[in-house]
There are 4 protein chains.
Amino acid sequence: MTKNRLEAFSDGVIAILITIMVLELRAPAGSDLAALVSALPELAMYLLSFVFLGIYWNNHHHLLHATTAVSGAVLWANLHLLFWLSLVPFATRWMGESGLAPLPTATYGGVLLLSAIAYTILVRAILACQPPDSVLAVAIGDDFKGRLSLGLYAAAVPLTFLNPWITVAIYTVVALIWLVPDRRIEARLGAAAPPHRARGN
Amino acid sequence: MTKNRLEAFSDGVIAILITIMVLELRAPAGSDLAALVSALPELAMYLLSFVFLGIYWNNHHHLLHATTAVSGAVLWANLHLLFWLSLVPFATRWMGESGLAPLPTATYGGVLLLSAIAYTILVRAILACQPPDSVLAVAIGDDFKGRLSLGLYAAAVPLTFLNPWITVAIYTVVALIWLVPDRRIEARLGAAAPPHRARGN
Amino acid sequence: MTKNRLEAFSDGVIAILITIMVLELRAPAGSDLAALVSALPELAMYLLSFVFLGIYWNNHHHLLHATTAVSGAVLWANLHLLFWLSLVPFATRWMGESGLAPLPTATYGGVLLLSAIAYTILVRAILACQPPDSVLAVAIGDDFKGRLSLGLYAAAVPLTFLNPWITVAIYTVVALIWLVPDRRIEARLGAAAPPHRARGN
Amino acid sequence: MTKNRLEAFSDGVIAILITIMVLELRAPAGSDLAALVSALPELAMYLLSFVFLGIYWNNHHHLLHATTAVSGAVLWANLHLLFWLSLVPFATRWMGESGLAPLPTATYGGVLLLSAIAYTILVRAILACQPPDSVLAVAIGDDFKGRLSLGLYAAAVPLTFLNPWITVAIYTVVALIWLVPDRRIEARLGAAAPPHRARGN
């Protein structure tokens, strides 16, 4: 019950975040090719943020799927994650409007870094209320991808002041790392039972 | 479980897309009949996009209704579809503001074409994790309407540069083709069991 | 299953409509009492539209609660209703910005009238796929409140050109008529079984 | 059934409210540190409102979790609460734009006060349709935190005209009081059964 409502609320917030960014895409200033081309960088930033939020939705989905118990701390850890994700449209807009100026690009990276930290906290809060040898604990393991992302984000923020394009390249690499859904959990669950088979429908 | 959350998330995104377009409808500039008349083309474009998103919601609903298993690839194919659908408000706004100029109208068609391709990919991804003789596979069959739509969209995009009204006429024809819900699936399911009877409520 | 998703999608759209109107409330131009007072008419229009959408959500909820089967025609009748409801924020904004000018106020009434007609169509489409002596058919009965509302709306639209305040008074009367939830259905269901008792939670 | 849809609709509205506030965060005017610093007060107001809406979602969740029956009066009491919550983004924007001027800050407090009153009414409406010795009634008890918050809000509104910062300090104190989720209900339920264990998933 609580888990279902937590999922539904998180889905709602992420669905809105992923969608309202498109509200901020301004229609190109003219109706010729030059106008469309000049809108492309903003569209590319939208694509990047869409992919990041899609990754969070996907991993959040896998994470909750393997969760059997939810505590009050988990509710707040989840709201904390949603807070940082909610700043993604704001940071995307600022970065886009500034044309990849260093500080806005670093701020974007900071929002991604804090989202990743909040996700890590959420994972710990969930693990704390599972049995110690749970499917989830085994599936997460040493969380190599999670720690790698945190390191890459932390490196990307200062590198922005050298060259913002290095930072965007690092963000793209992190996105590619995660575009593969969290097969660790999927694989572990698969060993126990067919996880994605819809039951009773 | 996974299927339910996939449906809920897709419903959320489509509900938001279908609704935020109305946020972009500017109130007519005056309060007389001329002002209302001058707002009509934009209202007509809103109606067209509302119908397209409604068609996708309806077909998505029928598709998932007949689905029994969901894989990681399906999750991503679904996000891919939602990405192209999320550009519908942007393309609608640009087309409306430009007064049906060729490039914006062709871009609108391009977004519809890529949405249709993404839907086709989603259907294939879902079929790949069903048993080969599933109800869904039989119901989809040779997917005549799907292939016809793809062909019409692909033709409509270049024809825009001849005359944008041809293109709008083609979009309207495609909408009419699909306004009839996907009776193939409905009919097949109906043969097995009353599909739309709400269970246990 | 289908019924649940229909409810969820409708809830999503109505929740968004009821909420995005507040996005259009402009912050008062100053920070003194005069600025707040000058924002009051717009706040009153927001309250009226919030109440109307709340009434639709409430009645939609009672209607679907008593529904046991859903057809393809119901899906489209529901989308048709959502289309007219989606124009409520647009009409509210135009009416508010114009300071209750006749045409915008009549347009607002037209949107409410078409929403009420769409709701009537939805009720008919649902009744068409229930058994003839269903709880719902008995509960709806001769639909006195529904017909009364249609009549009042139809009268309100032309009366706007006499005096917009007459129209606003009529809208308020209709809202008050419906603020009482649809006790017909509730009462009938209550006779058969305790309808609002959450089951299995 | 009714309870589930009530939760889903409330979640939808709160999720949208919590998210659309970020739409109103304007990107800083420049791309240097001074521009970011000048955007910080607005970000802090966003954080405060995010926390308040998060608190309402959390408490609403605990409240409904312990509810077993829902009446028509509860549906309207819930819509009444959502109405006041829906004005939070409007009041946040006005307060932020005015730079904490007295009247906007008092208005913000008034919206919070009326939301708290509406929540109290909702609790009473729910208690009225539970059995008299229900888990919920015992868990709510004398509602010390609720009455304390009402008193603090009522004091904060007039104090704004002395100094708006006193008011912001009081709002922060109320937020901290509630950041701890409603352990009364959680503890009582926990005595009867493990409340947060997801069932059947």
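The values are calculated or read from the model by the stated rules, or taken from the named source; none is laboratory data. Predicted model, so just to flag it, every value in this text is computed and none were measured. With ideal geometry, Cβ positions are generated from the backbone for all residues, glycine too; neighbour counts draw on all protein chains shown. Please note that ligands, DNA and RNA were not included when accessible areas were found on the heavy atoms of the full protein model with its side chains. Shrake-Rupley method; radii C 1.70, N 1.55, O 1.52, S 1.80 Å.
Accessible area per residue was computed with a 1.4 Å probe on protein heavy atoms; residue B:147 scores about 140 Å². Each other copy places its own label point for residue A:117 at 4.1, 4.1, 5.8 nm from this one, sorted shortest first, where the point lies 7 Å along the Cα-to-beta carbon line. Chains B and A together bury some 3400 Å² of accessible area, summed over both sides, with a 1.4 Å probe.
The sum of -39500 (n - 2.57) across all DSSP H runs of n ≥ 4, divided by the residue count of chain D, sets its helix-only mean residue ellipticity at 222 nm to -26000 deg cm²/dmol. Give the Rg/Rh ratio for the range D:42-118, taking Rg as the radius of gyration of the Cα atoms and Rh as the Kirkwood radius, to two decimals. With Rg and the Kirkwood Rh in hand, the quotient comes to 1.05.
Heavy-atom accessible surface of residue C:138, to the nearest 10 Å², is about 70 Å², with a 1.4 Å probe and all protein chains retained. Converting phi to 3J(HN,Hα) with the Karplus coefficients 6.51, -1.76 and 1.60 and the offset θ = phi - 60°, the range D:15-29 yields 4, 5, 4, 5, 9, 6, 4, 6, 5, 8, 5, 6, 4, x, 5 Hz in sequence order, with x at every glycine or proline. Per residue of D:25-37, other chain Cβ atoms within 10 Å of the residue Cβ number 5 on average. Modelled label positions at residue A:143 and residue B:128, each set 7 Å beyond Cα in the direction of Cβ, lie 3.1 nm from each other. Mean partner shielding of peptide A:170-178, defined as the number of other chain Cβ atoms within 10 Å of each residue Cβ, is 0. For residue C:138, inter-copy separations between label points set 7 Å beyond Cα along the Cβ vector come to 3.9, 3.9, 5.5 nm, shortest first. Once both labels are positioned 7 Å from their Cα atoms along Cα-to-Cβ, the gap between residue D:162 and residue D:26 label points is 3.3 nm. Rounded to the nearest Hz, the phi-derived 3J(HN,Hα) couplings of the range D:32-37 under the Karplus curve 6.51 cos²θ - 1.76 cosθ + 1.60 (θ = phi - 60°) are 10, 5, 4, 5, 5, 4, where x marks glycine and proline. Across the range B:1-128, C-alpha contacts under 8 Å between residues 6 or more apart give a mean separation that, scaled by the residue count, equals a relative contact order of 31 percent. Across the range A:83-100, coupling constants 3J(HN,Hα) worked out from phi with the 6.51/-1.76/1.60 Karplus curve, θ = phi - 60°, read 4, 5, 4, 5, 8, 4, x, 4, 5, 4, 4, 5, 4, x, 5, 7, x, 6 Hz, and Gly and Pro carry x.
With a 10 Å radius around each residue's Cβ, average the other Cβ atoms per peptide and rank A:128-134, A:57-63, highest first.
Details: A:128-134: 12.4, A:57-63: 21.0.
Put in order of decreasing packing, that is A:57-63, A:128-134.
Taking amide H as placed 1.01 Å from N in the peptide plane, residue A:69 has its amide H under 5 Å from the amide H of D:198, each at least 5 places away in sequence or on another chain.
Quantify, in whole percent, the carbon and sulfur part of the accessible surface of the protein assembly as shown (1.4 Å probe; protein heavy atoms only).
71
May I ask you to give the solvent-accessible area per residue for the range D:1-49, in square angstrom, as obtained with a 1.4 angstrom probe?
Numbers: 1630 Å² over 49 residues.
Per residue, the range D:1-49 has 33 Å² of solvent-accessible surface.
Each copy carries a label point for residue B:158 at 7 Å from Cα toward Cβ; from one copy, the others' points are 5.5, 5.5, 7.8 nm away, ordered from shortest.
From the square roots a ≥ b ≥ c of the eigenvalues of the alpha-carbon gyration tensor of the protein assembly as shown, which class results: rounded (a/c under 1.5), prolate (a/b over b/c), or oblate?
Numbers: a/c = 1.07, a/b = 1.00, b/c = 1.07.
Here the protein assembly as shown falls in the rounded category.
A straight line joining the Cα centroids of the range B:8-24 and the range D:54-128 runs 25 Å. Rounded, prolate or oblate for the range D:17-84? Axes are the square roots of the Cα gyration tensor eigenvalues, ordered a ≥ b ≥ c, and the cut-off for rounded is a/c under 1.5. It comes out prolate by the Cα gyration axes. Judged by the gyration tensor of its Cα atoms, with axes a ≥ b ≥ c, chain B is prolate; a/c meets the 1.5 cut and a/b is the larger of a/b and b/c. Projected label points at residue D:40 and residue A:117, each 7 Å from Cα along the beta carbon direction, are separated by 1.6 nanometres.
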